[in-house]
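Encoded as structure tokens, the structure appears first; notes follow it.
The values are calculated or read from the model by the stated rules, or taken from the named source; none is laboratory data. As the structure is a computational prediction, the values presented were derived from the model and not from experiment. No Cβ is skipped: glycine too gets one built from the backbone with ideal geometry, and neighbour counts run over all protein chains shown. The area values use the complete protein model at the heavy-atom level, side chains included, leaving out ligands, DNA and RNA. Shrake-Rupley method; radii C 1.70, N 1.55, O 1.52, S 1.80 Å.
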Amino acid sequence: MSKSLHRLPSSDGPTLSAPLAERMRPRTLEEFVGQRHLLGEGKILHRLLSGSLFQSLILWGPPGCGKTTLAHLIAAHTQGHLMALSAVTAGTKDIREAVDEARRVFAASRKRSWLFMDEIHRLNKAQQDVLLPHVEKGTVSLLGATTENPSFEIIRPLLSRCHVLVLESLSSEDLRTVIERALTDAERGLGGLRPMVSDEALRLLVEAAGGDARVALNLLETAVLSTPPGADGIRRVEASTVVDVMERPPHYDKSGEEHYNLISAFHKSLRGSDPDAALYWYTRMLQAGEDPLYIGRRLVVAASEDVGLADPFALVLAMNAVRAYELLGSPEGELHLAQAVVYVSLAPKSNSVYKALTAARDTARKTPFDPVPFHLRNAPTALLKELGYGRAYRYPHDDPEGWVPEIYFPEALAGTVFYEPTARGWEGKWKEALARRRRAGRTPKSLRDRE
């Protein structure tokens, strides 16, 4: 059997030398905490388990929400044979060995097999292709666990044969339940050490865990073990001890879904003119270790895409904030970016230039061979002048108003409108003047008459 392939832990469970999070892993569905939207009466997973159905599942959720535990409990509840692989270390050979084992087990005992694939998003396309036909035929039922969006990481044919279950971070109430069980369980938990955790310390533990049960139990174990017992034998864990053991950066993967979720929330807050929310997401990303210049680049995008000509200064300020950060670095430069965050949030909004560019690109793509009108062509030689290049071109600066009615499009596109200014901010000043000029510009002599 491959080193990556292993069966469930023995019935004796983890030893006392194992980390607290491993020792306290739920042994039954009744002990499982959280995910009531899946396991509650009448919910999808409750219905599947009630019928002991072997339905291939992808468990998608953040770290420490119970994906691995739930997979093991599903296998145990359905009395299936469980094989477990980690996509981090497993290869094509391991997958084939698991399939062969599933066939042997079924031939010997008529027992169906579950293949638990942890970190399934790490499987490459070739490995997923190897797994696909065996899931399709039912040789194995797949239990995949992933922190990444399956629609991005799992090939469509395999994904279509699985039911995706979205797991949620544990609530504060759930985390308190997990912690209190560990504190009172003398067999597998910390009950034998006689710990007493203050209310403030418990609050900090829950807050620092960020919905991750594993983090909560790891912090709790460190805090209790590092607290010496008093004269009465009780280990009194105070908030200061929890602060000492925290030192955990927020969950954030610069190349994963959370990266895109936070930057999306940030940009939508800018677009929605909410400076408070924009500052919140800005600081969330900074605390998670995001590159401030990445945030600065998104500010520049928003200053043009969402503010545009309603306030052209927004782009100037965003660009200057990025340059200031490049000069000063952190933490000083973060203030300049924050200033731009607030300004871009409060600036009047217009996406008229963005829409105009999109429309112009579409038209240019459809009319790549429309000729340039003769009056707009360059005439650097006598021959080109004789051919009519530049003929009847009217120079706007010769007019007292600095503008003359003229057609600057190919003749077939004369009168086309891409840019529709809003009435907001600076654009409002131009809206009426532009409308007058467009009306006048449609009436000059036709291009053919000139030629």
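Have a look at the DSSP beta bridges in the chain and tell me what percent are antiparallel, nearest 5.
In the chain, DSSP labels about 5 percent of beta bridges as antiparallel.
Each residue of the stretch 42-47 in order: what ³J(HN,Hα) in whole Hz does its phi give by Karplus 6.51 cos²θ - 1.76 cosθ + 1.60, θ = phi - 60°, with x for Gly and Pro?
x, 7, 4, 6, 4, 5
In Å³ and rounded to a whole number, note down the convex hull volume per residue for the Cα atoms of the stretch 58-119.
Spread over its residues, the Cα hull of the stretch 58-119 gives 73 Å³ apiece.
Using the Cα centre of the stretch 87-156 as the reference point, and only Cβ charges (+1 on K/R, -1 on D/E), how large is the resulting charge dipole? Debye, rounded to the nearest 20.
Value, rounded to 20: 400 debye.
What is the spread of the Cα atoms of the stretch 265-398 along each of their three principal axes, largest first, in whole Å?
On the principal axes, the stretch 265-398 reaches 67, 30, 28 Å in Cα extent.
Rounded, prolate or oblate: pick one for the stretch 169-208, where a ≥ b ≥ c are the square roots of the eigenvalues of its C-alpha gyration tensor, a/c under 1.5 means rounded, and failing that, prolate if a/b is larger than b/c, else oblate.
Oblate shape, in that a/c is at least 1.5 and b/c is the bigger or equal ratio.
Once phi is turned into ³J(HN,Hα) by the Karplus curve 6.51 cos²θ - 1.76 cosθ + 1.60 with θ = phi - 60°, what whole-Hz value does each residue of the stretch 380-391 show in order, with x for glycine and proline?
x, 10, 5, 4, 5, 5, 4, 7, x, 5, x, 5
Expressed as an acute angle from 0 to 90° and rounded to the nearest 10, what is the orientation of the C-alpha long axis of helix 125-137 relative to the principal long axis of the chain?
The answer is roughly 60 degrees.
Need the list of aspartates and glutamates near K355 for cross-linking: C-alpha distance under 18 angstrom, and skip anything on the same chain fewer than eight residues off.
E305, D306, D311, E420, E427
Putting +1 on Lys and Arg Cβ atoms and -1 on Asp and Glu Cβ atoms, find which of V99, I263, L317 reaches farthest to the positive end of the dipole of the chain.
So the residue furthest toward the plus end is V99.
Pop out the carbon and sulfur fraction of the accessible area of the chain as a percent, whole number, probe 1.4 Å.
54
Specify the angular offset, from 0 to 90 degrees and rounded to the nearest 10, of the alpha carbon long axis of helix 67-77 from the longest principal axis of the alpha carbons in the chain.
Relative to the chain, helix 67-77 is tipped by roughly 50 degrees.
Rounded to the nearest 20 Debye, what is the dipole magnitude of the stretch 346-401 about its Cα centre when Lys and Arg each give +1 and Asp and Glu each give -1 at the C-beta?
For this selection, approximately 340 debye.
Projected onto the charge dipole of the chain (+1 at Lys/Arg Cβ, -1 at Asp/Glu Cβ, origin at the Cα centre), which of S17, T139, W60 gives the Cα projection farthest towards the positive end?
The one lying farthest along the dipole's positive direction is T139.
On a 0 to 90° scale, report how tilted helix 172-184 is relative to the longest principal axis of the chain, with both axes built from alpha carbons and the result rounded to the nearest 10.
Here the helix axis deviates by roughly 20 degrees.
For V197, what residues show an amide H to amide H distance below 5 Å, using hydrogens built from the backbone and excluding near sequence neighbours?
V237
Rounded to the nearest 500, what is the 222 nm mean residue ellipticity of the chain from helices alone, with -39500 (n - 2.57) per DSSP H run of 4+ residues and division by all residues? Could the numbers behind the result be given before it?
Numbers: 21 runs with 220 residues, N = 451.
It lands at -14500 deg cm²/dmol.
No solvent, one uniform scatterer per C-alpha: report log10 I(q)/I(0) for the chain via the Debye equation at q = 0.07, 0.12, 0.14 1/Å, two decimals.
Taken in order of the listed q values, log10 I(q)/I(0) reads -0.60, -1.10, -1.27.
Please compare each pair in K366/K431; K43/K111; K67/K111; K43/K93; K67/K137 to a cut-off of 32 Å on the Cα-Cα distance and tell me which ones are over it.
Long pairs (Cα-Cα over 32 Å): K43/K93.
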